[in-house]
Amino acid sequence: MVNGFAFAESANQPAAGTSSKNITPTAKLKKSPEAYFSDGLACLKRGDIACAQVALANTPSQSAYAKLLTANIAAANQDFDSVFLLLLPLQADKTLTKEASASLHASLALAYDNQGNTLRALEQRVVVESLLETPEAIQANQSAIWQSLSAASREDLIEMRGNSLDTTIQGWVDLALAAGNPSQQAYAAWHSAYPDHPATSIAKQLGDQYKTAAQTPTAAGAKHITGQIALILPFSAEAFYPAADAIERGFMSAQQIEKGTAEVKIYPTQGDKNEIYSIYLQALNEGAHYVVGPLTRDEVGTLLGNKLAVPTLTLNYPETATVLDNLYSYGLSADTEAAQIVKIARDLGMQTAAIVMSDDALSNRIAKAFSDAWIADGGQVKLNSSVADNNGLTALKSQIATHPTDMIFIAANAETARVIRPYLDIATPCFGISHIYSGIWQTSDDAPLTAVRFVDMPWLLDSTTPDFASYQLAATDLPPGEMQRWFALGADAYKLLSRIAEQPHTPFTINGLTGKIQVSASGQIHRELALGRFSKDGVVLEKIP
């Protein structure tokens, strides 16, 4: 699946590619078309289509930048016909900035990917690389190239090789051919033929992975999943598509790394609870031996009202704890994260807490989960404050001063938490869950959050660990934060399913990308996350589960 620009922004459920800001923005001065375009592009990169449309409304309609931003918004909405219509004529415009030209060719590459024209997509991304300046952007572009080439058949790659005389294109295709039939000799030959190729680092990584795999003996008695796996994800719902895409990529990456051979069949849903059981039955009728999904809480709740005929790993939890034959429920639960913060704070001897939240449904759910767990563990909540606007911040400062507590729990996303934190008592320890962390290890934007502790998955807090190295390439072009979390969920879903298939009704523990995962004999799944802390030098890993 090709991922566009629209990304989910939720800690528990995927959300539409728009955002609501709880703090009133300040007025902005009129800018140049180039500046408005840059603003719009930044909005798209964080999945905020509504924000990009505001930038577009401020850009003169006859400007090339207005047409380009319109096309980028169309790409985020999967409207690739409009992308071609708007961008093909703009390729000849030499007045565009490097950033604008790079986005033009990147959007065209997505459109060609959608057509299945891998060669044209590769040509566009090679142009993109010539316009990029930062190592991070170059790495993301190369990862997109590799993802596209990895999906091509050997026959298509050979045809592409014959249809291009460009040595950079040929080098990419030859590397994909070598990876399709890997050997140390094949990778050595590639390095010899293309010593200065942009893909040298990828080729080295692939060669190192092959060497490690070849030297690692297969564990005695190890089994792989056989038969057919039905992967039920909401690809048909625009709001959920990016999360579904990231989950599928993580799942397929884990299968490839573990050398699994089971057939994986995708069953798209709309996220509609009324259709989920019929899709489940369709998967069974078409030969599924295992089911992974659905993703949304409503779908899970409806599915669990029916008999599960095969081992089924749902990717979210029902509203109430449920034990059924063949049921395993796993997901990115805000309730689980809040409960872990309660345990951490209580173990430190903290008795009283203040809860500060932004005024939205998810933050209210996180705050309630913490409050319920805190009170159930014997703690006292002395303040529960919701901040809706700038006036609320002034009131909050006064409330915090008159209600001193042992700790403060912040139920807000990264953007809002940065605004709230300066109004809190700096001497009182502050905590949050993964919702507070944007996924960017070091950014000056997080300066107001210095000293705040939070829980998140090891994949985001310690992704350089050797155990995760084999996943790095597959996830490189995914944006930080939510999309990386969904990728990790997909990877761990495969690892869980593999162990469930190998040892049904047997308790086990795995150290996954999403955390330390314990599965009981009855199928109950518990996750422990890593503990991180914001510091002036970036996010610090304090404890790994």
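Lacking any other cysteine beta-carbon closer than 4.7 Å, the following Cys residues of the chain have no compatible partner: Cys430. Here Cys430 sits with roughly 0 square angstrom of accessible surface, probe radius 1.4 Å. The simple Förster model, with R0 at 25 Å and r as the Cβ-Cβ distance, assigns Glu319 and Asn285 a FRET efficiency of 0.30. The aspartates and glutamates within cross-link reach of Lys273, meaning a Cα-to-Cα straight distance under 12 Å and a gap of 8 or more places when in the same chain, are Asp298, Glu299. Note on the chain: helix-only mean residue ellipticity at 222 nm, from DSSP H runs of 4+ residues weighted -39500 (n - 2.57) and normalised by residue number, equals -14500 deg cm²/dmol.
Taking other residues whose beta carbon is less than 13 angstrom from the beta carbon of Thr402, and scoring Lys, Arg as +1 and Asp, Glu as -1, yields +1.
Do any trypsin sites (Lys or Arg not before Pro) in region 250-319 lie in a DSSP loop with no more than 15 other beta carbon atoms within 10 Å, and if so, which?
In loop regions of region 250-319 (DSSP not H, G, I, E or B), the sparsely surrounded trypsin sites (Lys or Arg not before Pro) are Lys259, Lys307.
Quick one: net charge of Ala288's neighbours, Cβ under 13 Å, K/R +1, D/E -1? All intermediate terms of the calculation are to be shown ahead of the outcome.
Numbers: positive: Lys265; negative: Glu263, Glu286.
Summing Lys/Arg as +1 and Asp/Glu as -1 gives -1.
Residues Thr352, Thr514, sorted by accessible area with the largest first, give Thr352, Thr514 [1.4 Å probe; ligands and nucleic acids excluded]. Its relative contact order, with pairs defined as Cα atoms under 8 Å and 6+ residues apart, puts region 19-171 at 15 percent.
Using a 1.4 Å probe, what is the accessible area per residue for region 366-466, in Å²?
Per-residue accessible area for region 366-466 comes out at 43 Å².
Sequence-distant contacts, meaning Cα pairs under 8 Å at least 6 residues apart, place the relative contact order of region 87-131 at 41 percent.
Tell me the carbon and sulfur percent of the accessible area for region 364-413, rounded to whole percent, probe radius 1.4 Å. Of all accessible area on region 364-413, carbon and sulfur atoms account for 47 percent. In plain terms, the chain from Gln524 to Ala92 could stretch by 149.7 nm, reckoned as 0.36 nm per residue minus the Cα-Cα distance. The Cα center of region 427-450 and the Cα center of region 494-535 differ in position by 26 Å.
Of the trypsin sites (Lys or Arg not before Pro) found in region 515-545, those in coil by DSSP whose Cβ has at most 16 other Cβ atoms within 10 Å are Lys536.
Checking [x] 160; [y] 294; [z] 148 against volume of the Cα convex hull per residue in Å³ calculated from these atoms, the matching label is [x]. Computed with every protein chain present, the accessible area of Asp93 is close to 40 Å² [probe 1.4 Å].
Test of understanding: given the chain, find the longest segment containing no GluC sites (Glu not before Pro) that are in a DSSP loop and have at most 11 other Cβ atoms within 10 Å. Longest stretch, sites excluded: 320-545.
Excluding same-chain neighbours fewer than eight residues apart, the aspartates and glutamates reachable from Lys516 by a Cα-Cα span under 12 Å are Asp456, Asp492, Glu528.
Residue pairs exceeding 27 angstrom between C-alpha atoms, taken from Lys382/Lys536; Lys31/Lys94; Lys204/Lys259; Lys30/Lys67; Lys265/Lys495; Lys343/Lys368: Lys382/Lys536. When only Cα pairs below 8 angstrom with a gap of at least 6 residues are kept, the chain shows a relative contact order of 13 percent.
Positive contributions from Lys and Arg (+1) and negative ones from Asp and Glu (-1), summed over other residues with Cβ under 15 Å from the Cβ of Ala106, come out at -3.
For region 374-414 versus region 122-163, the inter-centroid distance based on Cα atoms is 49 Å.
The values are calculated or read from the model by the stated rules, or taken from the named source; none is laboratory data. Keep in mind that what you see is a predicted model, and the values were worked out from it rather than measured. Here Cβ is always computed from backbone atoms with ideal geometry, including for glycine, and neighbour counts include all displayed protein chains. Protein only, heavy atoms only, side chains kept; ligands, DNA and RNA dropped before computing areas. Shrake-Rupley method; radii C 1.70, N 1.55, O 1.52, S 1.80 Å.
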